[in-house]
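Report on one structure; see the data block that follows.
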Amino acid sequence: MIRTARRTAMDHIRELSVGIGPRPSTGPGEREAAEYIRGVMESIDQGSAKVHPFRCLVSGWRPFAWASAMALAAEGSFLIAGVPGAVAAIVICACAFVFAILQLLFIPNPLMAMVGKGDSQNVWMKIGAGGDPGAEGGVKAKVPAEPGQRLVITAHYDTHRTPLAYSSPFWIRVFRSLTTAGMGAYLMLIVLFAVALFGGSGSVLAVAAKWVSLVPGAIHVLVLGLTFEADTTPHTPGANDNASGAGVLLELAARLTEKPLAGTEVWIVATGCEEVGLYGAQAFFADFKTELRGAMQINIDNIAGTDCGPCYIDEEKMLGTYRSDPELLRLADAIAADQPDMGARRTSYQGAYTDGAIGIKHGLPAITFLGLNRTGWIPNVHQMTDVIEHCDADVVARVTDFIEILTRRIDEERPHEL
């Protein structure tokens, strides 16, 4: 039951980004935002809001800084000790490479033990299936029906820092190139250490390997510098990233509570600590894996940029590739074709992951709404310019309407029944 006057998605975006402001993962701003979201959920349906606590790393950058530091330590061992230090250098560099890969794949590894942890929380509510679509007043039956399927709608509410690596499209391209080169640099160092070991002390191979190793070493110096610098910068107000997604999430919660889906139970989940490694989504899907077996996911992230939506992605990739569900894409494509005035489009995303990747990793059919502009960028991402004045209310409204239509189309067609 709605207990207070309806607040719009833009009202929520303003409260989160202006009233609360920066919301660092595990920090007081994130906790204040969680309390605000919990209060909104309670106003929508008293007694519905639940808090799901978890612990996670306080930095998403520091594990990779440590990995690059390990590679540089291996390089230093080799340069100082020569061939006698090559074996230790190979072991250290190989460990750094494997740990970095595991970190990118959301798999626990020793780098995590080298970074501090803090407390965070997901905030969520459940909206039961309505059952009778012909109930008086257009509102479905108050007694929930057994759901034929379950849908999880997610959006994170924490904010990122403002590192040099995200200060402009140029620096984003530089950083993406460096991350790719950095993975290759681990392997190059290992090969060079092995070549020197094979050649023996004083050999031409050993001398050449020392000189050539300066190149991948220089790459790791740059990676270390950028990843260390990131944790010295302030946090963004996060209006688009991701007060916009959280605002749409809360607006959808109100709409779907007022008029529930006939045979689909909806879980509304505001996730914490997305910006430091998608930890809120990881904790939620791990802890509720039994209940969510066979469920679907709609994820909402960075949707408020001008000329950026509705925009949904068919895949997101960095080291691995996570593909959106073909049936959910088919439904979204059909809505986009049926209602061209909404300006919806499909695209792909490369260079980072969203909470949608975690749902897919856990076997959920998923689709993510991510506001990329026509050049493939997220406007003002991880910058101090990510403020309410740069959020397009018309785009927010169209994205909200589009996702609501999609949820009702999912309910009608039942693409993934339990």
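None of the figures in this text is laboratory data; all of them are computed from the coordinates on show. Owing to the predicted nature of the structure, the values given are computational and were not obtained by experimental measurement. Here Cβ is always computed from backbone atoms with ideal geometry, including for glycine, and neighbour counts include all displayed protein chains.
A few remarks follow.
- Temperature 10 °C, viscosity 1.306 mPa s: under these conditions the Stokes-Einstein estimate for region 349-418, based on its Kirkwood radius over C-alpha pairs, is 108 µm² per second.
- Cβ-based charge dipole, the chain, positive-most Cα from 336, 396, 185: 185
- Between region 203-282 and region 153-194, the Cα center-to-center distance that results, in Å: 11 Å
- The modelled label-to-label distance for the pair residue 204/residue 350, using points 7 Å beyond Cα in the direction of Cβ, is 4.0 nm.
- Remark on residue 238: its backbone amide H falls under 5 Å from those of 386, a criterion applied only to residues 5 or more positions apart or on other chains, H modelled at 1.01 Å from N.
- Using only Cα coordinates, the Kirkwood hydrodynamic radius of region 290-342 works out to 13.2 Å.
- Entry note: region 146-205 has Rg to Rh equal to 1.39, where both radii use alpha-carbon atoms and Rh is the Kirkwood radius.
- Using the alpha carbons alone, the radius of gyration of region 94-247 stands to its Kirkwood radius in an Rg to Rh ratio of 1.22.
- The orientation-averaged shadow of the Cα convex hull for region 192-337, equal to a quarter of the hull surface, comes to 15.2 nm².
- Furthest towards positive pole of dipole, 86, 378, 226, structure part the chain, Cβ charges: 86
- Cβ-Cβ distance of residue 375 and residue 107, R₀ of 30 Å, FRET efficiency by 1/(1 + (r/R0)^6): the value works out to about 0.35.
- Taking 7 Å steps out from each Cα toward its Cβ at residue 117 and residue 413 produces label points 4.2 nm apart.
- Cα-based equivalent ellipsoid, region 237-321: semi-axes from gyration tensor eigenvalues, Å: 21, 20, 14
- From the C-alpha gyration tensor of region 23-177, square roots of 5λ in Å: 48, 17, 15
- Structural descriptor for region 271-418: relative contact order 35 percent, calculated from alpha carbon pairs under 8 angstrom and at least 6 residues apart.
- Taking every Cα-Cα distance in region 334-377 and sorting them into 10 Å bins from zero, the calculated P(r) comes out as 22, 45, 30, 3 percent.
- Relative contact order, percent, the chain [alpha-carbon distance under 8 Å, six or more residues apart]: 24 percent
- For residue 152, the residues whose amide H sits under 5 Å from its own are 267, 296, 297, 298, ignoring neighbours fewer than 5 places away on the same chain, with H placed 1.01 Å from N.
- Peptides 150-156, 15-21 ranked from most to least packed by the mean count of surrounding Cβ atoms within 10 Å: 150-156, 15-21.
- Cβ-based net charge around residue 175, under 15 Å, with every Lys or Arg adding one and every Asp or Glu removing one: +1
- Unsatisfied cross-links (Cα-Cα over 29 Å) in the set 117/259; 50/117; 117/317: 117/259
- Charges were assigned to the Cβ only: +1 to each Lys and Arg, -1 to each Asp and Glu. The resulting dipole of region 9-76 about its Cα centre is roughly 200 debye.
- Per residue of the chain, the DSSP helices (runs of n ≥ 4 H) give a summed -39500 (n - 2.57) that works out to -14500 deg cm²/dmol at 222 nm.
- Hydrodynamic radius by Kirkwood, which averages 1/r over all alpha carbon pairs of the chain, in angstrom: 22.5 Å
- Simple label model, 7 Å out from Cα along Cβ direction - residue 181 to residue 317, nm: 2.2 nm
- Taking the C-alpha atoms only, the angle from helix 393-413 to the longest principal axis of the chain is near 80 degrees.
- Taking the square roots of 5 times each eigenvalue of the Cα gyration tensor of region 261-418, largest first, gives ellipsoid semi-axes of 23, 20, 14 Å.
- Our analysis of region 236-278 gives Rg over Rh at 1.08, with the two radii drawn from alpha carbon positions and Rh computed by the Kirkwood formula.
- Sorting the segments 363-371, 349-357, 194-202 by their mean number of nearby beta carbons within 10 angstrom, highest to lowest, gives 363-371, 349-357, 194-202.
- More than 13 angstrom apart: percent of Cα pairs within region 1-65: 70 percent
- Near-label residues of region 200-214 by backbone N, under 15 Å of a point 7 Å along Cα→Cβ of residue 87: 200-201
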